[in-house]
Each structure stands twice: as C-alpha cells, then as structure tokens.
1. Tell me, what ³J(HN,Hα) does each residue in the range 710-727 have, in order and in whole Hz, if you take phi through Karplus 6.51 cos²θ - 1.76 cosθ + 1.60 with θ = phi - 60° and put x for Gly and Pro?
2. With Cβ to Cβ distances under 13 Å as the rule, what net charge do the other residues near residue 63 carry (K, R +1; D, E -1)?
3. Taking 0.36 nm per residue of sequence separation and subtracting the Cα-Cα distance, how much length would be gained by fully extending the chain between residue 693 and residue 290, in nm to one decimal?
4. Between residue 522 and residues 5 or more places away or on another chain, which pairs have amide H atoms under 5 Å apart, with H built 1.01 Å from N, and which residues are they?
5. Please compute the length gained on full extension between residue 686 and residue 458, using 0.36 nm multiplied by the number of residues separating them and subtracting their Cα-Cα distance.
6. At 0.36 nm per residue, and after removing the present C-alpha to C-alpha distance, how many nm does the segment from residue 420 to residue 502 gain when stretched out fully?
7. Just to verify a number: FRET efficiency for residue 117 and residue 211, C-beta to C-beta distance, R0 = 45 Å, to 0.05?
8. Treat each spin label as a single point 7 Å out from the Cα along the C-beta direction, and report the residue 451 to residue 571 distance in nm.
Amino acid sequence: MPCERKPMRYGHSEGHTDVTFDDSGKFIVTCGSDGDVRIWDSLDDDDPRSINKGKLVTAGSNNTVQIHTFPEGDPDGILTRFTTNATHVAFNHSGSRVAAGSSDFMVKVVEVSDSSQQKTLRGHEAPVLSVAFDPKDEFLASASCDGSVVVWKIEEQTQATSWPVLQKSNDIGNASSLCRLAWQPKTGKLLAIPVGTRVQLYERDSWEHASSLSDDMITLPINVVAWSPCGKFLAAGGVGGYLTVWNVESKLCVERQKHEKGYTVCAVAWHPSGSQLAYTDTEGCLGLLDGLPTSTSSSSISKKTSKAPSVKEAKDYDDLFDEDDDRAMDDGLSDGHSPTKRPTAVGAEDDDDDDVLMPATGRVKNRGSFLDDENSLDTVSLNSIAPPAGPPLPQAPGYEGPLPTAPQKAFQPGSTPAHLTHRFMMWNSVGIVRGYNDDLDNAVDVEFHDTAVHHAMHLTNTLGHTVADLSQEAVLLACPATDELASKLQCLHFSSWDANKEWVVDLPQGEDVRAVCLGQGWAAAATSARTLRLFSIGGVQKELFSLPGHVVSMAAHGEQLLIVYHRATGFDGEQALGVQLLQLGRRKRQVIHGEPLPLSFKSHLSWLGFTAEGTPCYVDSEGSVRLLNRSLGNTWTPLCSTRETCKGKSDHFWVVGVHENPQQLRCIPCKGSRYPPTLPRPAVAVLPFKLPLCQTTTEKGQMEEQYWRSMLLQNHYGFLSSSGYEIDEEGQNQAQKEQQELLMKMFALSCKLEREFRCMELAELMTHNVVTLAIRYASRSRRMALAQRLSELAMEKANQADAGLNPFAKGAAGSPEKQSPKPMCKEGRVNPFKVLGSGRSPSMSGQSRTTNVLDSMSAGRRPSPLGGSSGKQSKGPVLKPLAPKPKTKTQSTLFQMATSKAANKKAQVNMEPAVDRLKQPEAPPPKSPVDDSENKKPRTGFQLWLEENRKSIVADSPDLQETDVIREAMGLFRSLSAEDRLSWMERAKGQCGDVADLKKRKRAEEVGEGEGEGDRDSGPMEADENTAKKKKSLDSATKLSAFAFNKN
C-alpha cells in the first residue's frame, strides 16, 4: 500500500520552518521565521499552542541560544551566545548536550545542566549550515558554506576528518542546500550527507565513502535527510518539493512524493514509531506522510509469511500488484498519491516520457517487464519472499559512472545575475550600464568613464531589457520574448550624425536573444535558435550563421568577435565549451575553429572579453585568467589566479578589464560574495600578472617568469601592426630591451652556477649585440670553451644579417614565429654597446667590468631631440620593427635598413683590430685597463662627437654631473643614424682608408678637418690600415675569436 499524503496545514509565515516530534510522538513541534514555536497534537489540530520566541531549545535573532521547558514553555536560561545569528541547533541522544552553529564560522557544544561548560570548535571558513551529534556522543558533524563537512572529536576539540563535497557560498541565504546531516541511529555506523541530488553515506572511524543513494526523479539539490528510528530507512527532502525514502540496505527507493505546490522542503522528521514523516516547506506550511513502511511492520510481515507455505508466498506476491492494477501505470506522480511503491535501482527513473537516462539504467517501460523485474519489487514484499541467505538485489545492474553536468546558462561579461532588482547589466572599459527593476522604477542608466564620449543617459525600460552592451558608438539592449511580444533588439546609436539615433529589430517567433556584443561599426546577437545575427551599427542586417551549440557568452573588440558555446554535454561537474574567433574586417576569416575552451577543474566560465590591446582572454569560476598566445599556435596561457590574492574562501574578484601595457588586471573585490552591489559604487582594484611557473621564489624562477610574461604580453604588437593599426614603438622597444636585460642577467647567473649548456640555451634567445656582451662576460669569467661556442653562435647571427633576410615579413603577416625579428631589430643597436665597451669614460673605468656590462643595458635614456636627423631618431632605436606603414621614423625601407646595419657591423669589426694595432707601438705590453682606455679615448667616434656637442648638452641640462653628461651623450649618439655614426668613426680613424670609399661616406664639411688630421698621422695610419685589410680576409669565426680574446 502506498503511503497517504495528508493535506498541508498553514503553520507559520513565509520563511524557513523547522519541525520535530517529541520523544513520545504525541506532539509535533514546529518553529518559523515569525519567531513562534507551535505545538500540534496532530496535523488536524485547529488550535495549536503557540509559545512566542521558542520552546525547547531555540536560536533567536538576538544571537543567543535559549532553552525552555516543555510543554509549558517557560524560559530556562540562555545556553550560549554568538557574535551573529545562530544557524542550527541539535540535541545529543541523551539530551544532556546542545550543539549550535553560527554565521561567525564557529560551532559550540554546551552542557544543558551547566551552560558555563562549553567547547568551541573552530576551523570553518564560512557560516555553518548544520550540526549533528553522533549517537555515541563521541563525534560531532558540521557542514559549512565553505564547501566542507567536518567530523569533530568533541572531547579533544579537533577535526577527525573533513570532506570538501559541498558547493561553496558566502551565506546561508545563498547556499544551494541547507545540508542537514544525520547519523544512523543507535550505532552511528553511517553518516548521511546530502550532496547535490544524491545522499552520500560515509562509514564511521574509517571515514571512507560507503555508498550513494539517488533517484532519477530528483533533479534539484537535496536539503535535509533523516534516518528512521530503526536505522534502515532514510528520508530526504529538497528543492522543488521532492520527498524520497530509501531502504539503505538494498539502496532502493521505497517511496516518492512531491509537494503539492512544488515548494522547497526545508525540514523532515520521523515519528518515533517510524510510520509517519512530518515535513515543512519554505512557505511555513506543515505536511505529513502516513503509512510508511517501518522496521516493525516489515518484521511482522516477514514472520507471518515465513510460517506460510510457498504457495501462499506466491499468492501474496500477486496480491501486491492486484490492489493497484488500475492506476499504477496511469496516474504516475499525481498530487495525492505515489505511483505504487515501486522502488528502482540507483539511477532509475519513473515510467514517464522523459527518459534521458533510460539506456544507462536498463529499465523498460512495458507492464510485463515491470512485473518481471526483480529490481522493481516493493521492500515489504522483498522481506517476505526473498530468501534470507542471499537476495539477488545487490547483483542488480545499475549505472554508477559519471553523471552529466547541467549546462551553464548564457550570460553577459561584466554583468551581475538577472534576478537581482538592482544590477549591473554591463561594466567595461567604456562605461557602466545599470538596471533597476523594483516597485519605484524600471529603468536603465548608462554612465561613461570618459564624459567626452557622451553624457550619462537614463532610459525607461518599458520592454524589460535584460542584456546590454556598451561601446564608443552605441548602447545595445535586448529583451526576451513574452506571450504577446517577440524578442527585441534595440540599439541607441548616440555617435550617429543624423537625428534618428535609435533602431529596433524584432526577432522571429520562438527565438530569444541570449547574448549581444558591439564591435567597431557592427553589432552581433546570439539567439536561442543557435543562430548568430550580424547588424551594422546603423541597423542594416548583414550575415548570419549557425552556431554548433547554445551560446554561453560573446565579446567583441574592433573587428574581432569571440564566441563561447556548449560543444557537448559535460560530466562530473565539468563544462564542455567550445570557442570561435572571427575577423570581421574586409577579409572575413575564422581564426579559431571551435577548439575546446580550457577551464579549471569543475569550474565554469565567469568572464569573457579582450584586453585593451585586443587580445582575447577569459576568467573561470576558480579565478584563473587565461590569455590567447598567438605566437604558440593560438593556445591559451594562464596569466594569473585571483584566488591567490583572496583572503578568504568566500571572497572573490569580479573582473571588469585586462590591460597588457601596463600589465594589470582590473577587478572589483567582493568580500563574501561573487558579485558587487550597485550602491555604493564599488571601487576598482588592480592585480598584477604572474605566470604559474615553477620555483618563482628563487632568483632564477623570478627572472624566467618576468621574461616569458613580457614575451607573452608583447604579441599584440605584431597583431596590431598586421591589422594596420599604429603601435607604440617606444613601448615595444622598451619591452624588447627589458627582455634582453633579463636574458643577460640569467646568463650571468648560469655562469656563476657553472651551467654552460644553459648559458648557450639562453644565448640562442638573445639578439646579436647581446650575444657580443655575453662573449665578453664569458671571456672575462675565464670560460674559454663557452666563449668559443658563443663566438660561433654570433657568427651564425651575423651571417643571417649579412644574407639580407627580412624577418619582419613573417611578423607583419601574423606568423606565430616571433623569434626571428628580434635579431634584426636589435642588430641596429650594436654600435652603442661597442662604444660602451671600448670608449668608456674615465669616471666609469674604475668600476668592475662585469658590473659595467650589465649596468650599461639599463643606463641609456631617451633624451629630448637636439635637432636634425638625431631629433627624429630620439624616440627609439635606429631600426623600428613591425612598422605598419611605409612612412616610418627610420625613413628607409627594410632592405636599406638591413644593408646599413650590415655595413655598420663590418666597419665596427674592422675598426676594433685597427685600434688595437695602433695601441701596440705606443706602449709595451702588458697594459693596464686604464692605459688602454686612455689610448683609445681620442680614437673613438663617440669622443669626437661628444667634444663638438658637449656645449649644447650642458646648455640644455646645466645641472648634470660629468657622469650624467656622458650617459646623456651616449643616448643621443645611439639615436643617430647608422651612416652618421659610421662617419664619426671614420673621422676617428683619421681618413687613412681608401679614398674612394671615404668619399662615399663623408660629408662635404668634414673633408678639411679630416685632411689635417690625416696629414699628422698619415704614415703609421696607412700601415695600420693595410694590416687591418689583411685581417678582413680571415674567416668570421677567427675574427670574432680575436675580438673576444684580444684583451686577455
């Protein structure tokens, strides 16, 4: 016989309501959010006694736990106090102790006879959901909003074990489940924990997961569980009004019921006899299930049937179904009855039309199969006919694999949930769109960060818009369809030059807008029909195409459109998302073709967008920020994690923007929640980036993280240049300079650690001029083998430059190979570093050589222009990589730049041995470093240039010291063109080279001065020039080796 569900009775006002029986079972006691405790003689009691502010043990809004006499209701004192509201109280089996949990994260155990004897259990990091005493009074179980269920040793006040099985929340009001725990009566062998749509059972002492109880009818989270007095049955109630009773031994569902109005069940309690189950809902009503199977009735039936012959057993078996033949399969889950107690195996579901998991459960839907199925027998009948030795139920097939995950709903990046009355509809780099939907107003406010774009707007939301996007050109709004109206897309084009700035489009019947975004001159809307529709910013319908799955989110930047959708069904809490990236410019193309979107374990997408520079990125619910790495085949690289910055587990960061230059993540800190409130206006915080590399606490790990983070965040320069945008050349050059500095520092560290092979690996990432510095460092560190290998590497890089290769072509075309441009763009800066090595000022010559090599890379500054060609070049190095337009600041083609760099390099390599030969007749070896510096000083082009321009430098900056004047001059000298620097170096050599070659390179006003200087030293200079020409015939390896070792 199915149990009888009695009509609901009003008991309390709307809100959380709890229920219990007294020990005798004569009274039903309920309490509600109205502050009353009512004592019912039965469900039919029309005049239940009411005792204000509680009876028995109550937790009130004054942060106290009070005890009262029963049934008189006289106050009997305050047991304990908390700093915030108590959330749950429970007696132990003997009634001598009371446990209480609170929103201040603490659990207290108080002796009823002496409230001064208290034990405080600390360890939760969020409000406590529920507490439950072990029947043996040895352990106490508690559940918390931090997602954990903890078992405490009461006497020792320590944790015995902990399971992170619950969904995290910031408060009880936001928790998906109340998670009322329950120990098995008498023995306490099992602890029942409601986890999602299942009840998990854990064994005592070993604390291992024993089994799970589930039912296909349960599709929403379970709130409460309660054991029958006999300990053989377990009742559960949850969201949606589902009530289920399982036989724990067989894991079969023996009773299913649903709330007559579908309200959430927030408490259940067994009658001491086990024949009744009382329950309450969130509307304050009380209900009762009568005639449930109990251990007493089951045992009596078993005894009777054991005395009867086997023929009688078969007859009882037939009679079991004869009674309800006519309505068992027809009524289903009616409001008043259950579908004849037909328990199924774990994972089975009802015989209705919705059978998604039918293949997994193996159930069939005809009447004959139902009668013949062993797994469909009632628990009572099983007790009567099954042999006591070995029932066949444990061998019944049941699906125990991973369960499908509910798909994530579509959302707008930078928006808060739609059910809030005051919410952010959009927060991005342009402005803020707020939505208000309350009794006073239903409107949309638009605020711009920069009021020069447009003034703030107040729009009446008569259509009920729920999604929005904002750009520099327009505001895009969309509303869902209703019974009378179709889904609409509304655009307010405030940047339009005409008077009609607004347009509205109605979508086809049955199609709702799920996500919208605005690009440069276009708008996009993804609908419930898996269709993406494109519009011009003025309202012209353009292309449309189908999506592989339901959209999750969209974002746009310029001509780029980023779409994330469901590509498949996820399992075990995972979301299976796909991503598409499209270019909607003149040449429309698809960059990412629906590849899977990487997410953290059991997380979902929480933000999607572009950096301010146009690189796609996204954030998942675990706080992991990932950025598209265009140089590595459009892979996603984790950039940082906001969880590392959060102080508590319930704290989160709500992302509103990402910037690559400067490197920062703009977000709003949310303490105890995932979303910020609209008022007061939240403050935006800035978080730094940090790649999750290994051993970032060491010096080596820190430099590696800085280098690869700089490389990752520099990729946008190549993309912007290939797309025709102007780029910040100064910022790009500064980033490249920092990268080479980090490589040189890592090279020096590896040398100290005697990791020469690692040094070569780092040198391969360096540019040509930094490899030259590495050669000097290795030779001065007496690592001759390393210096020789570096010389060979430098020869290879020099040959690449001499061959006239143009690596910018690939970089400009968006090739993922970005290493090739670096040697070329850094090649033009070789000469200033060589001048630093050979023409160092006397004030710097007394420092350590190693320090000078490393310090010289950060000593150069970019001064203000003095005039002429040097003024044009003062904003960056000689060569400008990734130039998007023909008119660049170098005023030359890439081929001309490569030719001038090659000529400059050869002239410098030839100059260095010539200067060395000039030094040899003047003083006998060995020479001190100071003498070498003094002898070289009048022979360098930089020194000659400094003598002529010193006055103008001092006039511009009269407060500079001598060292600062030299550094300022170094920066100005580097900004000269390659031909100008070469001219000064030729003048330093004294015009002793080939006359025809000199005429091509010299300027007309320098001829007279060069001849006078050439007459003075014509004899020795001609001889040295001939010697230098002979050295040019040597191979490149010998030449670089001589350059590396000539000072040793």
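1. 5, 5, 5, 7, 9, 5, 5, 4, x, 5, 5, 5, 5, 8, x, 8, 6, 10
2. So the environment of residue 63 carries a net charge of +1.
3. Working: separation 403, 0.36 × 403 = 145.08 nm, distance 6.18 nm.
Length difference between fully extended and current span is 138.9 nm.
4. Answer set, sorted by chain and number: 537.
5. So the chain would gain 79.1 nm between residue 686 and residue 458.
6. 26.8 nm
7. Working from the Cβ atoms, E equals 0.75.
8. Label-label distance for residue 451 and residue 571, simple model: 5.8 nm.
Every read-out reported here was derived from the displayed coordinates using simple, explicitly stated rules and does not represent laboratory data. The shown structure was predicted, so the numbers you read here are calculated from the model rather than taken from an experiment. So basically every Cβ, Gly included, is an ideal-geometry build from the backbone, and we count neighbours across all protein chains shown.
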